[in-house]
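Read through the structure below, which is laid out as structure tokens, and then see the notes.
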Amino acid sequence: MKITSPVKYPWRQWQLSKRRQYIDRNCRIFILLFVLIHGTVSGTPGNASLLHEKTAFNYGSSSLSVQWLTEQRDCFEYFYAPKNSSPEATESRLANHEVSIGHALLPLGLVFEVAKYVGVGIASLGTVDEELSTSGQFLIGYRYRPRKHIMWGGDFAFEQYKTTYSRNGEYIAHTDSRYVTFAAAYTYAWIHRPVIQVYSGLGAGMIFLQHIYEGEDQRDPQSAMSIAFQLNLLGLKVGKRLYGFTELGFGYRGLGTIGLAYQF
């Protein structure tokens, strides 16, 4: 009978290392006691060859030789492992869904607005005063976990910028720019521990821009859309069900992101 041991799963090696040492010690004690008992009964103490060649014991309905068990020691972990300890059972106990809220640091919309701000200042030779205000970028995300180290889902991002133009204290015009982003996202956790996760990710979607210019005697609304992307080089999550996270990357989520998330 062939028994599949959980040791075949690479990501469980660290978990089984201490258990293997425990099992090795108990196997040796078991074999030593069996040899002594068998030798006492048969009158041939310490006859290990007879033990290996002819002695067998039953575990449930399976008859396994002691020799086979000593040669295939990893299979002992099958008996010592607690119920539902397989990787599949472990993954089924993990939270499969995640919702998050976050705030981006230096998002793309802010980069565009600052570039426009500087451009107007240069073109007007400093004669036009500009005042830029923003609500910042807020993020809402959802992730689904099909595997322990893999998550995929989507992001929604919103940011708004208002700029007022004046000359010598007199109002000239103002603009209102809004950026709305919808994107699909993929995340891979390089390190997945109960409290700490280290990961990287990708995202791609569309960004929609609504720009309104209002002057003294005119109003000019415009709209546009473009491809949005995100490359997260490194992310860190700390916590269990409710946790904080921070990310370093480039794209629609900015150069950096901080936020909170909840798994269920």
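The values are calculated or read from the model by the stated rules, or taken from the named source; none is laboratory data. Quick caveat, the model's predicted, so the values are computed rather than measured. Quick reminder, even Gly has a Cβ in these numbers, built from the backbone with ideal geometry, and neighbours come from all protein chains shown.
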> Tally time: how many residues in region 183-213 are loosely packed, with under 13 Cβ neighbours inside 10 Å and not aliphatic (A, V, I, L, M)?
Replying inline: 3
> If you scan region 156-175, which residues turn out to be surrounded by fewer than 16 Cβ atoms within 10 Å (Cβ to Cβ) and aromatic (Phe, Trp, Tyr)?
Replying inline: Phe156, Phe158, Tyr171
> For region 121-136, what are the residues that are of a type in the set (Gly, Ala, Ser) and assigned to a strand (DSSP E or B)?
Replying inline: Ser133, Ser135, Gly136
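Between Leu242, Leu209, Leu233, Leu248, which is within 18 Å of Tyr117 (Cα to Cα) and in contact (Cβ under 8 Å) with a residue 12 or more places away in the chain?
Among Leu242, Leu209, Leu233, Leu248, only Leu209 is within 18 Å of Tyr117 (Cα to Cα) and in contact (Cβ under 8 Å) with a residue 12 or more places away in the chain.
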> Do we find that Tyr171 is in contact with a helix residue (DSSP H, G or I) (Cβ under 8 Å, 6 or more places away or on another chain) and assigned by TED's automatic domain parsing to the domain that holds Gln210 in this structure?
Replying inline: no
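For region 124-156, which residues satisfy the criterion of being among the hydrophobic types (A, V, I, L, M, F, W, C) and more than 15 Å from Thr175 (Cβ to Cβ)? Quick ask: steps written out before the conclusion?
Of all residues in region 124-156, those among the hydrophobic types (A, V, I, L, M, F, W, C) come to 125, 128, 132, 138-140, 150-152, 156.
Scanning region 124-156 gives Leu125, Phe138, Leu139, Ile140, Ile150, Met151, Trp152, Phe156.
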> Hey, among the residues in region 81-95 that are assigned to a loop (DSSP other than H, G, I, E, B) and exposed (fewer than 14 other Cβ atoms within 10 Å of the Cβ), which one's modelled with the highest pLDDT?
Replying inline: Ala95
>> Whether any residue in region 99-108 is within 27 Å of the chain's Cα centre (by Cα), assigned to a helix (DSSP H, G or I), surrounded by fewer than 15 Cβ atoms within 10 Å (Cβ to Cβ) and at pLDDT 50 or above is what I want to check.
In response: no
